[in-house]
Amino acid sequence: MKDYYQILGIPRNASQEEVKKAYRKLAHQFHPDKTGGSEEKFKEVNEAYQVLSSEQKRAQYDRFGSAGFEHAGAGRGNNTGVEWDFSNFGQGFEGVDLGDIFGDMFGFGSSGYGRQTPRGRDIAIDIELQFSEAVFGVNRTMLLRKTATCATCNGSTQEPGTKSKTCSHCNGSGSVHETRRSFLGSFTKLHMCATCHGTGHVPETPCHTCRGAGVAQASEEVTISTPPGVNDGEMIKLVGKGEAITGGIAGDLYVKIHVVPSKKFSRSGFDIITTLEIAVTDGLLGAQKDLETLEGTLRVQIPQGTASGSILRIRGKGIPRQRGGRGDLLISMLIKPPHKLSKKAKELLEELKKEGV
Ligand SMILES: [Zn+2]
Ligand SMILES: [Zn+2]
């Protein structure tokens, strides 16, 4: 944990003016181009200033410490595509948005070019599954309207069979420099060349389908295979099935699962619960009954003396688990007394009553 106040050598109650003053002094002292300068210390000072000069960030730091800011540490310039140019150091303090500059430099602000390959947008869709489809898995083919890699040029942007030439905008480097000046000197930032999408070359004849964009709006068939055992509300990620982008990688497709409630079956963890209606005598005497399950008819042995609401557990007939094995099928017994009794049935029951049944 860094102490930004200590780095700038100021008390915790220092005014904004004092923060600025201390920073200017130390930024000059540690400037890498100076004798006794240190890039490490210079960046540390900048980081401290970046936080303490902002009321909001300072308040956050005072409460939570530097953890949220430290990713802006030293050496970042080497892999962000930011180049340091100190040649104009010391010129002019005016008219510069410091937050903006250091935001770019230290990763507080917008994402800088070079940190990663451009990535297409993610797409989120919803699909509805029947109970049994969720249990056993299903393949669902959908037509998705999205920005897709151009089928004619396969994303190359050039008409098939034609050649490419060096991009004149970036001279084939794939990136362009943007120089910004501040009182610390001018900073050169690298941007991806928008003309060639960072590839360094452009087509001599642009693809006629996408007009050289490399991508086009298209309806693409996507087959979604849901794994067995998915539950309502779960999300499936299909890597690279999102929107395409020229010169980069496609985004991902997120599929949210909605399971339509079943009248016959419900789910509890990896167990499936269903109800079996039986007659009073079935419960009293025991019986064999046929039960409709997700996998066809199952003959169920009802033990003698089964009460309404008792549960019969059939092992391994529940929902498949990702790591193998399945939950159980729980059968809830529901004894349905008859609505009407015949005269004979009544007499027999009276007899049973005498027997204490
Ligand atoms: Zn094309
Ligand atoms: Zn270019």
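Which condition number in (1) within 16 Å of ligand 2 (Cβ to nearest atom); (2) of a type in the set (Gly, Ala, Ser); (3) crowded, with 20+ Cβ neighbours inside 10 Å is the one that residue 172 fails?
Single failed check for residue 172: (3).
Which pairs turn up if I take residues in the stretch 129-144 that are in contact (Cβ under 8 Å) with a residue 60 or more places away in the chain and look for partners that are open to solvent by 80 Å² or more (accessible area, probe 1.4 Å) and in a strand (DSSP E or B) with beta carbon separation below 8 Å, at least 6 apart in sequence or on another chain?
The qualifying pairs are 141/221; 142/221; 143/221; 144/221.
From the set of residues in the stretch 180-205 that are touching a helix residue (DSSP H, G or I) at 6+ places or on another chain (Cβ under 9 Å) and not aliphatic (A, V, I, L, M), which is farthest from ligand 2 (Cβ to nearest atom)?
183
Select from the stretch 211-238 the residues that are without any contact (Cβ under 8 Å) to a residue 40 or more places away in the chain and either open to solvent by less than 50 Å² (accessible area, probe 1.4 Å) or among the charged types (D, E, K, R) (or both) and write down the one among them that is nearest to ligand 2 (Cβ to nearest atom).
The selected residue is 211.
Name the residue, out of 208, 177, that is surrounded by fewer than 18 Cβ atoms within 10 Å (Cβ to Cβ) and either modelled with pLDDT of 90 or more or away from ligand 2 (no atom under 15 Å from the Cβ) (or both).
208
For the structure I just gave you, tell me whether residue 179 is in contact (Cβ under 8 Å) with a residue 24 or more places away in the chain, assigned to a strand (DSSP E or B) and in contact with a Phe, Trp or Tyr (Cβ under 9 Å, 6 or more places away or on another chain).
Against the criterion (in contact (Cβ under 8 Å) with a residue 24 or more places away in the chain, assigned to a strand (DSSP E or B) and in contact with a Phe, Trp or Tyr (Cβ under 9 Å, 6 or more places away or on another chain)), residue 179 qualifies.
Hand me the list of strands (runs of 3 or more DSSP E) wholly inside the stretch 250-355 holding 1 or more residues that are touching a residue at least 60 places away in the same chain (Cβ under 8 Å) and open to solvent by less than 40 Å² (accessible area, probe 1.4 Å).
Where strands (runs of 3 or more DSSP E) fall fully within the stretch 250-355 and carry at least 1 residues being touching a residue at least 60 places away in the same chain (Cβ under 8 Å) and open to solvent by less than 40 Å² (accessible area, probe 1.4 Å), they are 253-259, 271-278, 329-335.
For the stretch 22-64, give me each residue that is open to solvent by less than 10 Å² (accessible area, probe 1.4 Å) and under 14 Å from residue 12 (Cβ atoms).
Answer for the stretch 22-64, where residues must be open to solvent by less than 10 Å² (accessible area, probe 1.4 Å) and under 14 Å from residue 12 (Cβ atoms): 48, 51, 52, 61.
Tally time: how many residues in the stretch 1-21 are open to solvent by less than 40 Å² (accessible area, probe 1.4 Å) and not in a helix (DSSP H, G or I)?
Counting residues in the stretch 1-21 that are open to solvent by less than 40 Å² (accessible area, probe 1.4 Å) and not in a helix (DSSP H, G or I) gives 2.
Please enumerate the residues belonging to the stretch 212-233 that are part of a loop (DSSP other than H, G, I, E, B) and touching a Ser or Thr at 6+ places or on another chain (Cβ under 9 Å).
Hits for the stretch 212-233 are 212, 213, 214.
Just for the stretch 123-169: of the residues that are of a type outside the set (S, T, N, Q), open to solvent by 80 Å² or more (accessible area, probe 1.4 Å) and within 13 Å of ligand 1 (Cβ to nearest atom), which one is nearest to residue 206 (Cα to Cα)?
So, considering only residues that are of a type outside the set (S, T, N, Q), open to solvent by 80 Å² or more (accessible area, probe 1.4 Å) and within 13 Å of ligand 1 (Cβ to nearest atom), the one nearest to residue 206 (Cα to Cα) is 161.
Here is a yes/no grid of residues against (1) in contact with a strand residue (DSSP E or B) (Cβ under 7 Å, 6 or more places away or on another chain); (2) more than 30 Å from residue 227 (Cα to Cα):
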residue	(1), (2)
273	yes, no
280	yes, yes
283	yes, yes
287	yes, yes
305	no, yes
310	yes, yes
315	no, no
323	no, no
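The values are calculated or read from the model by the stated rules, or taken from the named source; none is laboratory data. Small disclaimer: the values here were computed from a predicted structure and weren't measured. Here the Cβ is made from the backbone with ideal geometry for all residues, glycine too, and neighbour counts use every protein chain on show. What goes into the accessible areas is simple: the full protein's heavy atoms, side chains included, and nothing from ligands, DNA or RNA. Shrake-Rupley method; radii C 1.70, N 1.55, O 1.52, S 1.80 Å.
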